[in-house]
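Down below is the structure, laid out as structure tokens.
Please treat every number below as a calculation from the coordinates, not as lab data. Just so you know, these numbers come straight off a predicted model, no measurement behind them. Methodologically, a virtual Cβ is constructed for each residue, glycine included, from the backbone with ideal geometry; neighbour enumeration extends over all protein chains shown.
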Amino acid sequence: MNSDPQPRTRPRFRLGTRRSPLAMAQAEEARARLATAHAIAPADIEIVAVTASGDRIQDRALAEIGGKALWTKELDAWLLAGEIDFAVHSAKDVETIRPEGFAIGAVLPREDVRDVLVGAATIAALPQGAIVGTSAPRRAAQLLHARPDCTVITFRGNVATRLARLAAGEAEATFLAAAGLKRLGETGTGHPLPAEDWLPAPGQAAILIECRRDDVRTREALAAIDHGPSRAAVLAERALLAALGGNCHSPVAVLTAPDGDDLVMRAALFSPDGAERIEATARFAASDAAGPAALAADLLARAVPAIADHFAGAG
């Protein structure tokens, strides 16, 4: 009798993800949707996790240590080498300029785009002179624009880490994404801020899946879970960022809503200290790639130097 173990069957797909709890939850969602769409077992989609550079280095602001590339570079290398078939990312963490050989295979249905304030019910309710922890230039600038009396300190790390730092008294409040809390099953945490008053980050609450452009099999498989309205909004927000020439230091906020076959995009740019703010709104066809660029040009044309200096698209 042959007692040798049976050879392991290679999974149909290898899914790359960061190892953080939220990233793993997003990977599980992507796997479940893909398995359901193609009537295959979840085990046919192997999750391959990596500890990203951005997760390893948590004592400095992301903009100081390499920007958004620290969330993607390990997965990018695996994807280019063919070690994984696709990578699952938070859309807001993916740089606007990507390797030529990559394609966005799918954008999953977007979740709640709002930020959640932990430590107070509203921005106005923060104590005078409150210390607020965040590493996001957008959140810091919006806060300081509304409440210049507050002080911002750098808070990095996953949800549990930031909540622990808050509980330890390092700050009186912090911000988290409503979508991340929901995906982690922590919907009772904090107070959601109205998106109309507190604009979210470009790409916030959307899961973006990248694959190799020439991998027809994977692209066709991912097309089955692509959510058209979410894809249109996320691509428009990424086009806005590309036209602005922003980076991790650039405080930019945007809210995009569908209206029939159109998108209505409201965007605001800030100076890092929150003292200056400009806003504009545009309506354009969801398929109109020039719409976000025109909005960016309008914003940059009106931006004072304290804002424009942080966007390469200026001038």
Inset, instruction - Mind listing the long-range amide H neighbours of Gly105? Cut-off is under 5 Å, sequence gap 5 or more, other chains count too, H placed in the peptide plane at 1.01 Å from N. - result: Ile209, Glu210, Cys211
Legend entry - ³J(HN,Hα) computed for each position of segment 171-182 - Karplus, 6.51 cos²θ - 1.76 cosθ + 1.60, integer Hz, glycine/proline x: 8, 8, 7, 8, 10, 9, 8, 4, 5, x, 4, 5
Legend entry - Per-selection Kirkwood Rh - the chain (Cα, Å, 1 d.p.): 20.4
Inset, instruction - Take every Cα pair under 8 Å in the chain that's 6+ residues apart, average their separations, divide by the length, and report that relative contact order as a whole percent. - result: 20
Inset, instruction - Output the relative contact order of segment 115-192, whole-number percent, from Cα pairs under 8 angstrom with separation of 6+ residues. - result: 47
Inset, instruction - Take the alpha-carbon centre of segment 91-158, take the same for segment 165-238, and report the distance between them in whole Å. - result: 11
Legend entry - Equivalent ellipsoid semi-axes - Cα gyration tensor, segment 149-247, angstrom: 32, 18, 14
Legend entry - Footprinting exposure proxy for Arg147, Arg231 (fewest neighbouring C-beta atoms within 10 Å first): Arg147, Arg231
Inset, instruction - Calculate how steeply helix 21-38 sits against the longest principal axis of the alpha-carbon atoms of the chain, using the helix alpha-carbon long axis, and give the answer as 0 to 90 degrees to the nearest 10. - result: 50
Inset, instruction - DSSP loop (so not H, G, I, E, B), at most 13 other Cβ within 10 Å: list which GluC sites (Glu not before Pro) in segment 176-219 pass both filters. - result: Glu196
Inset, instruction - Just rank Trp198, Trp78, fewest to most, by other beta-carbon atoms within 10 angstrom. - result: Trp78, Trp198
Legend entry - Mean projected area (nm²) of the alpha-carbon convex hull when segment 194-302 is viewed from all directions: 7.8
Inset, instruction - Enter the angle in degrees (range 0 to 90, nearest 10) between the Cα long axis of helix 69-81 and the first principal axis of the Cα atoms of the chain, meaning the one along which they spread out most. - result: 20
Inset, instruction - Treating the angle as unsigned and between 0 and 90°, give the value, to the nearest 10°, between the Cα long axis of helix 228-244 and the longest Cα principal axis of the chain. - result: 50
Legend entry - Backbone HN-Hα couplings from phi across segment 270-279 [Karplus 6.51/-1.76/1.60, Hz, Gly and Pro as x]: 10, 7, x, 8, x, 5, 10, 8, 10, 9
Inset, instruction - Report the antiparallel proportion of the DSSP beta bridges in the chain as a percent, rounded to a multiple of 5. - result: 70
Inset, instruction - Would you please give the residues with an amide H less than 5 Å from that of Ala177, counting only those at least 5 places away or on a separate chain, with H modeled from the backbone geometry? - result: Val116
Inset, instruction - Could you list which residues have their amide H under 5 Å from that of Ile153, counting only those 5 or more apart in sequence or on another chain, with H placed in the peptide plane? - result: Val132, Gly133, Thr134
Inset, instruction - Using the number of other C-beta atoms within 10 angstrom as an exposure proxy, rank Asp259, Asp309, Asp226 with the fewest first. - result: Asp259, Asp309, Asp226
Legend entry - Whole-number D in µm² s⁻¹ for segment 115-192, Kirkwood Cα-pair radius fed into Stokes-Einstein, 4 °C, 1.567 mPa s: 105
Legend entry - Per-residue ³J(HN,Hα) for segment 162-167, Karplus 6.51 cos²θ - 1.76 cosθ + 1.60, θ = phi - 60°, Hz, x for Gly and Pro: 5, 5, 5, 5, 5, 5
Inset, instruction - Report, in debye and to the nearest 20, how large the dipole of segment 115-192 comes out about its Cα centre when Lys and Arg carry +1 and Asp and Glu carry -1 on their Cβ. - result: 260
